[in-house]
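The values are calculated or read from the model by the stated rules, or taken from the named source; none is laboratory data. Bear in mind that the values here come from a model prediction, so they are computed numbers and not experimental data. Virtual Cβ from ideal backbone geometry, glycine too; neighbours counted across all protein chains shown.
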Amino acid sequence: MAPSSNSRQTAAEIVGQWLESGAFPDRQLAGVRDNHAFVMEVVNGVVRNRAIFEWLEREWVERTPPSYFRAVLWVGLYQLLFMAVEPYAALNETVEAAKGRPGGTGAAKMVNAVLRRAQREKEGVLEALARQPAEIRLSHPSLLLERWTRQYGEPAALQLAEWNNQPPDTILRIEQSAVDAADFIDRLRADGIEPLMHPYSEKEIFLVLPRGVAVGRVPGYAEGWFTVQDPATSISTDLLAARPGESILDACAAPGGKTAMIAGRMRGRGSLVAVDLHDDRIAVLEENRRRLKLDWIEILRGDARHPERVLGGRTFDAILLDVPCTNTGVLRRRADARWRVDAERIEAVAALQSELLTACAGLLKEKGRIVYSTCSLEAEENEDLVARWLRGNPGFRLVKTGKAFPPESGTDGAFAALLRRK
């Protein structure tokens, strides 16, 4: 079905809320039912290319419009400059989305004039864009580009920014305790789905879905034959190396992909406790536990900064601590996260991460192990944090680290460190 004008309005409303209050676009997108794929592409594309649209505004718009009308303008510009849609529909139906609001008549005229100019001058706009500084043409905060250049070098920093601007793949991990991998792939092909094998992990099997395939319609979804997760998630679980019969804690567990990987390696024997703080994330954990038929996993709501409040005096052989982070390794999937990173936030997040590591490490048995992991690429959250924490906790030693840098690994970015109690 062709996208309707309502789809453009829906996209503009989500972008407008993001501009106005910083509301997470992915949470708003979760409630969209009509033309979901179109709305999601537009919203994520607009958010990703924010710096480009701000540049065009400075060139073409006399006064910055209110958030909703600004969002309508950006929705139209994204379609005309970066999407393969019919220009007539993109222009006219986007202009219609400006009407019906206070001030909409004047705003619609402004939107119409700017979009018609973009349609006429598209080739020149894209040529001019290619000559802009990296923070504009690649639409990344200069702070991040400068940090990555210092840490990885300029060529790698630019490659990372280019990687972040590509639409993310949908990747499935086959739950091999539930289905034979070859049988699952045969079933996909029988349904007209031709997956690609992702080469990153050796211990798990990951498949890249063709674009446009809805996960809920993939054979075996209800039966728990797969989880949706990136191969980089295997770095931390490989380091943890869960074994049958162990007592294991997944301290920040939602949505539960790593929990399921740990469970598979435990083969249903031992104790696996999954903890998370927020009710909505607990609901996701419980849904995945049900779908994957992992009823033996214990799910608890609690704050990993104070794990004793929910776990009492329980101790564990191994703990996975996948901490909240700045998400700079997953900017391909979290289009808005790039605009929320600054020096103050990095410092605040690192302080929380260190607090979580201290609290959870105290739950380990003698000779127990903990894997600290993030989906960040920032040293303050990764190597530097672990080194500083070990200096303050001489009862632990670093065993091994793992890291994925997206342009090299073809995965999300991730870091993990295996620490063992002496």
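Quick rundown of the values:
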| read-out | value |
| --- | --- |
| Qualifying positions in segment 147-185 - of a type in the set (A, V, I, L, M) and not in a helix (DSSP H, G or I) | I171, L172, I174, A178, V179 |
| Count - residues of segment 268-310 that are surrounded by 19 or more Cβ atoms within 10 Å (Cβ to Cβ) and farther than 22 Å from S177 by Cα | 5 |
| Residue within segment 30-42 that is in contact with a Leu (Cβ under 6 Å, 6 or more places away or on another chain), among the aliphatic types (A, V, I, L, M) and surrounded by fewer than 23 Cβ atoms within 10 Å (Cβ to Cβ) present | yes |
| Qualifying position, being more than 22 Å from A416 (Cβ to Cβ), in the same structural domain as L321 (by TED's automatic domain parsing) and either in a loop (DSSP other than H, G, I, E, B) or without any contact (Cβ under 8 Å) to a residue 40 or more places away in the chain (or both), among G216, G245, G220, G224 | G245 |
| From the options L357, L352, L377, residue that is in a helix (DSSP H, G or I), touching a residue at least 24 places away in the same chain (Cβ under 8 Å) and crowded, with 18+ Cβ neighbours inside 10 Å | L357 |
| Of the criteria (1) surrounded by fewer than 17 Cβ atoms within 10 Å (Cβ to Cβ); (2) over 24 Å from L138 (Cα atoms); (3) under 19 Å from the mean Cα position of the chain (by Cα), which one A23 fails | (2) |
| W339 part of a helix (DSSP H, G or I) and within 20 Å of the chain's Cα centre (by Cα) | yes |
| Single condition D183 does not satisfy, out of (1) exposed (fewer than 15 other Cβ atoms within 10 Å of the Cβ); (2) within 18 Å of the chain's Cα centre (by Cα) | (2) |
| Residue ranges of helices (runs of 4 or more DSSP H) in segment 254-317 with at least 3 members without any contact (Cβ under 8 Å) to a residue 12 or more places away in the chain and out of contact with any strand residue (DSSP E or B) (no Cβ under 7 Å at 6 or more places or on another chain) | 279-291 |
| Segment 386-422: number of residues that are hydroxyl-bearing (S, T, Y) and assigned to a loop (DSSP other than H, G, I, E, B) | 1 |
| In segment 21-38, the residues that are in contact with a Pro (Cβ under 9 Å, 6 or more places away or on another chain) and assigned to a helix (DSSP H, G or I) | F38 |
| Selection count where residues are more than 22 Å from Y78 (Cα to Cα) and either assigned by TED's automatic domain parsing to the domain that holds V61 or among the small types (G, A, S) (or both), scope segment 143-167 | 3 |
| Subset of segment 54-68 that is assigned to a helix (DSSP H, G or I) and hydroxyl-bearing (S, T, Y) - its residue that is nearest to W339 (Cα to Cα) | S67 |
| Criterion violated by E344 - all others in (1) closer than 20 Å to D303 by Cα; (2) surrounded by fewer than 21 Cβ atoms within 10 Å (Cβ to Cβ) satisfied | (1) |
